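Before any comments, here is the structure.
The values are calculated or read from the model by the stated rules, or taken from the named source; none is laboratory data. A quick note: this is a predicted structure, and the numbers were derived from the prediction, not measured. Glycine also receives a Cβ, built like all others from the backbone with ideal geometry; neighbour counts cover every protein chain displayed. For the accessible areas, the whole protein counts, side chains as well, though only heavy atoms, and no ligand, DNA or RNA atoms are used. Shrake-Rupley method; radii C 1.70, N 1.55, O 1.52, S 1.80 Å.
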Amino acid sequence: MMRCVILDCYTDEPAGLGVPPYLGTYPRYVAGAILDGNQEAKVTYVTIDQVRDNTKRQLEYMNEEADLVVFIGGSHTPGRYLRTRPATPREISKIASRIETPKILGGPIVAGHSQVGGVENSITEDLFDVFEVVSFGDVERAVYDYVNGKESKRNYSRRTYEEVDRWAVLGSFVVKEHPCYPFIVCEIETSRGCPRALSGGCSFCIEPRRYGLPEFRSEIGIAKEIASLYQRGCKYFRLGRQSDIIIYGSEDARKKEVPTPNPEMIERLFLRIWREAPGIEVLHVDNANPAVIARRPESRKVIEALVRYCTPGNVLAFGLETSDPEVAERNNLLTTGEDVLKALRIVNEIGQRKGWNGMPMLLPGINFVLGLKGETPERYFRDLEFLKKIIKEGYLVRRINVREVAVLKGTAMQEVGNLFVKKHSNLINYFKKKVREEIDPVLLRRITPKGTILREVFTEVVRNNWTFGRQFGSYPLTVKVPGRLEVGKFIDVLVMGNGSRSVIGIPYPIRLSEADPRQIEMLPGMNRRKAVKLLSKRPRNEEELMRLVDRKLLPFLELS
Ligand code: SF4
């Protein structure tokens, strides 16, 4: 019997996230490809965190028992992670060089890796030398070839959507081996490629260069994959593997850079998903092209459908990159500041209503990329003015994502590398600081003002006597609660304030038997002295409690 190990070193790309609690598409497809090639194979899924925690035992298994180890990794859009971090090429190389068993390397890492934005992303041949097979096409396809006896050091083959539909279902069992199961968000693919391939695409983006014009996966294939994950206990899904969800099923996506959306296809897709998996708790999306929303009236119906079929807290991430028209032209960017303002207006009109979990149904997010080709210092001031306009006009924006460009192999950014990141490093820091201090907090306060109740916040880590949690979904808000709460539980949180990227809140209600005095002192009329006194008195019933606090606070406190 063939024994295969899939080592998930985590992936982070503009169109696809696979860092816990998100589980990317790659490991599931690879598992399915192995079983499709060899029904008798035994497939084990392991995360890089499990290897970090118990390197000796994991390597022993890979060396002594396994016949094949598949490494999946690579980060092109490094973010701030709450629980963990993707493995670096160095870490991958170090682990791989200690494994004698044949190894395959695949995932975004073959095109480069960026742990910190603005750093050039060359991957040296030394990394590839450690592996028997390196997949420059689709790793699942390379694994399928290997299992079927077709070995080549460099594999460029690609899979079809027919294969994806089959492998995704066959490989869905790996979710149960994920250390975070069942609290994982399954990333789902709806398409790949980008209509902007018609003109070469944005200077920094790998999508059109790797995948060309869009190809859409059938709604049946997508729904069947979700059904099989759902039957295995998954309830959180993000349709995040695509360049633009608004154009799913568009008939002219291969002919026009700003294609016409197909609302009927979106309806069909979501209806089918709900029919197959009626108990889904989170269904979100990710990237959307604001130029399509602004310039194609059919988009309204698509956005209405997203509000109707998806769960609250959903986000459409808009890639603006810069509002400076000259820099946009030099980098072949299509979207203008005007497009974004119009798209914000449309999405806010349709999506700002609050849902059951305390978050608006659907909000936009905006991405900026810094250090672009030929940019001038003025761009930073223009972009700040643009953001101030958003504030002034009262829009709701879930988050502003600012990152230094990742210079990926094969993109037009390679002409200049990180020249402008270095040249404008002071301006970049200035811009980030301004956004963090003057833009983010205002936007966050608009969405979750003091007094908002956020339902089902999942507690994830405890650091420095604070508990950090998030709701499940696309770009969930980080919630900080004073004190050490049990990790891995759902709590409701009453928002008491906010920083630039996170809100500060207290459990709602506060359980006196396990409360931290810092939680109680945040309640109106309370202070540290009163909080400590309340906890030391240990009231046993409501009467005793009423003698210690104002009766208006009773709804916020629980005795047990
Ligand atoms: S619109 Fe630009 S950034 Fe987005 S996928 Fe297409 S080429 Fe890439």
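Let me confirm something: among L341, L370, L384, L334, which residue is surrounded by fewer than 24 Cβ atoms within 10 Å (Cβ to Cβ), among the hydrophobic types (A, V, I, L, M, F, W, C) and over 19 Å from D244 (Cα atoms)?
Details: L341 fails: over 19 Å from D244 (Cα atoms); L370 fails: surrounded by fewer than 24 Cβ atoms within 10 Å (Cβ to Cβ); L334 fails: over 19 Å from D244 (Cα atoms).
Step by step, each of L341, L370, L384, L334 is checked, and only L384 is surrounded by fewer than 24 Cβ atoms within 10 Å (Cβ to Cβ), among the hydrophobic types (A, V, I, L, M, F, W, C) and over 19 Å from D244 (Cα atoms).
Among what's in the range 386-408 and is touching a residue at least 24 places away in the same chain (Cβ under 8 Å) and assigned to a helix (DSSP H, G or I), pick the residue that is nearest to A328 (Cα to Cα).
F386
Touching a residue at least 12 places away in the same chain (Cβ under 8 Å), within 16 Å of the ligand (Cβ to nearest atom) and open to solvent by 10 Å² or more (accessible area, probe 1.4 Å) - does that describe any residue in the range 312-320?
Yes, the range 312-320 has at least one match.
Go through the residues of the range 164-186 one by one and say whether even a single one is in a strand (DSSP E or B) and either within 22 Å of L7 (Cα to Cα) or within 16 Å of the ligand (Cβ to nearest atom) (or both).
Step one: list which residues in the range 164-186 are in a strand (DSSP E or B), which gives 185-186.
Adding the requirement that they be either within 22 Å of L7 (Cα to Cα) or within 16 Å of the ligand (Cβ to nearest atom) (or both) leaves 185-186.
Yes, because at least one residue in the range 164-186 is in a strand (DSSP E or B) and either within 22 Å of L7 (Cα to Cα) or within 16 Å of the ligand (Cβ to nearest atom) (or both).
If you take the residues in the range 296-331 that are among the hydroxyl-bearing types (S, T, Y) and in a helix (DSSP H, G or I), which one is farthest from S243 (Cα to Cα)?
Just the residues of the range 296-331 that are among the hydroxyl-bearing types (S, T, Y), to begin with: 299, 309, 311, 322-323.
Within this subset, residues satisfying the condition of being in a helix (DSSP H, G or I) are 299, 309.
Numbers: S299: 15, Y309: 20 Å.
Ranking the candidates gives Y309 first.
Which of the residues spanning the range 211-226 are of a type in the set (A, V, I, L, M, F, W, C) and either assigned to a loop (DSSP other than H, G, I, E, B) or open to solvent by 10 Å² or more (accessible area, probe 1.4 Å) (or both)?
Looking only at the range 211-226, we keep the residues that are of a type in the set (A, V, I, L, M, F, W, C), and these are 213, 216, 220, 222-223, 226.
Across the range 211-226, the qualifying residues are L213, F216, I220.
Looking at (1) within 27 Å of P259 (Cα to Cα); (2) within 16 Å of the ligand (Cβ to nearest atom); (3) modelled with pLDDT of 95 or more, which is the one condition that is false for G371?
Against the list (1) within 27 Å of P259 (Cα to Cα); (2) within 16 Å of the ligand (Cβ to nearest atom); (3) modelled with pLDDT of 95 or more, G371 comes up short only on (1).
Got at least one residue in the range 435-454 being modelled with pLDDT under 95 and either of a type outside the set (V, I, T) or open to solvent by less than 70 Å² (accessible area, probe 1.4 Å) (or both)?
Looking only at the range 435-454, we keep the residues that are modelled with pLDDT under 95, and these are none.
Scanning the range 435-454 turns up no residue that is modelled with pLDDT under 95 and either of a type outside the set (V, I, T) or open to solvent by less than 70 Å² (accessible area, probe 1.4 Å) (or both).
Go through the range 165-198 and report how many residues are acidic (D, E) and under 18 Å from G473 (Cα atoms).
Here is the first cut: in the range 165-198, the residues acidic (D, E) are 165, 177, 187, 189.
Keeping just the survivors that are under 18 Å from G473 (Cα atoms) gives 187, 189.
Matching residues across the range 165-198 total 2.
With the condition kept exactly as written, say whether any residue in the range 299-310 is of a type in the set (S, T, Y), at pLDDT 95 or above and more than 16 Å from the ligand (Cβ to nearest atom). So that I can check it myself, show each step before the final result.
Here is the first cut: in the range 299-310, the ones of a type in the set (S, T, Y) are 299, 309.
Among the residues that remain, those that are also at pLDDT 95 or above are: 299, 309.
Now narrow it down to the ones that are more than 16 Å from the ligand (Cβ to nearest atom): 309.
Yes, the conditions are met somewhere in the range 299-310.
Report, ordered by the first and then the second residue, all pairs with beta carbons closer than 7 Å, sequence separation of six or more or different chains, a first member in the range 409-435 that is in the same structural domain as L384 (by TED's automatic domain parsing), and a second member that is open to solvent by 90 Å² or more (accessible area, probe 1.4 Å) and among the charged types (D, E, K, R).
As it stands, the answer is G417/E120; N418/E120, since those pairs meet every condition given.
Taking the range 334-358, which residues are in contact with a Gly (Cβ under 8 Å, 6 or more places away or on another chain) and either free of Cβ contacts under 8 Å to residues at least 12 places away in the same chain or within 16 Å of the ligand (Cβ to nearest atom) (or both)? Don't jump to the end; show me each part of the working.
Our first condition is that a residue be in contact with a Gly (Cβ under 8 Å, 6 or more places away or on another chain); within the range 334-358, this holds for 335, 355, 357.
The one that is in contact with a Gly (Cβ under 8 Å, 6 or more places away or on another chain) and either free of Cβ contacts under 8 Å to residues at least 12 places away in the same chain or within 16 Å of the ligand (Cβ to nearest atom) (or both): T335.
Search the range 295-307 for residues being in contact (Cβ under 8 Å) with a residue 12 or more places away in the chain and open to solvent by 10 Å² or more (accessible area, probe 1.4 Å), and hand back the single one that is nearest to Y22 (Cα to Cα).
Of the residues in the range 295-307, the ones in contact (Cβ under 8 Å) with a residue 12 or more places away in the chain are 295-296, 298-307.
Among the residues that remain, those that are also open to solvent by 10 Å² or more (accessible area, probe 1.4 Å) are: 295-296, 298, 300-301, 304, 307.
Details: R295: 32, R296: 32, E298: 31, R300: 29, K301: 29, E304: 26, V307: 22 Å.
This residue is V307.
Suppose the filter is touching a Gly at 6+ places or on another chain (Cβ under 6 Å), away from the ligand (no atom under 11 Å from the Cβ) and among the charged types (D, E, K, R); does E219 pass it?
Values: touching a Gly at 6+ places or on another chain (Cβ under 6 Å): no; away from the ligand (no atom under 11 Å from the Cβ): yes; among the charged types (D, E, K, R): yes.
Judged against the criteria, E219 is not a match.
In the range 2-40, what count of residues is obtained for those that are open to solvent by 10 Å² or more (accessible area, probe 1.4 Å) and out of contact with any strand residue (DSSP E or B) (no Cβ under 6 Å at 6 or more places or on another chain)?
10
Filter the range 464-512 down to residues that are of a type in the set (D, E) and under 17 Å from G451 (Cβ atoms), then give me how many there are. Give the steps one after another, and end with the answer.
Here is the first cut: in the range 464-512, the residues of a type in the set (D, E) are 486, 492.
Pick out the ones that are also under 17 Å from G451 (Cβ atoms) and you get 492.
Within the range 464-512, residues that are of a type in the set (D, E) and under 17 Å from G451 (Cβ atoms) number 1.
How many residues does the range 187-210 contain that are within 16 Å of the ligand (Cβ to nearest atom), in a strand (DSSP E or B) and of a type in the set (A, V, I, L, M, F, W, C)?
Going through the range 187-210 one residue at a time, the tally reaches 0.
Starting from residues that are part of a strand (DSSP E or B) and either within 12 Å of the ligand (Cβ to nearest atom) or without any contact (Cβ under 8 Å) to a residue 12 or more places away in the chain (or both), keep the ones in the range 242-290 and report whichever is surrounded by the most Cβ atoms within 10 Å (Cβ to Cβ).
A288
Quick one: how many residues across the range 168-210 are among the hydroxyl-bearing types (S, T, Y), under 26 Å from E251 (Cβ atoms) and open to solvent by less than 40 Å² (accessible area, probe 1.4 Å)? It would help to see each step written out before you state the result.
First, the residues of the range 168-210 that are among the hydroxyl-bearing types (S, T, Y): 172, 181, 190-191, 199, 203.
In the following step, the residues that additionally are under 26 Å from E251 (Cβ atoms) were identified as 190-191, 199.
Adding the requirement that they be open to solvent by less than 40 Å² (accessible area, probe 1.4 Å) leaves 190-191.
The qualifying residues number 2.
Consider A87 carefully, then state whether it is over 26 Å from the mean Cα position of the chain (by Cα), assigned to a loop (DSSP other than H, G, I, E, B) and aliphatic (A, V, I, L, M). Give the derivation first.
Working: over 26 Å from the mean Cα position of the chain (by Cα): no; assigned to a loop (DSSP other than H, G, I, E, B): yes; aliphatic (A, V, I, L, M): yes.
It is false that A87 is over 26 Å from the mean Cα position of the chain (by Cα), assigned to a loop (DSSP other than H, G, I, E, B) and aliphatic (A, V, I, L, M).
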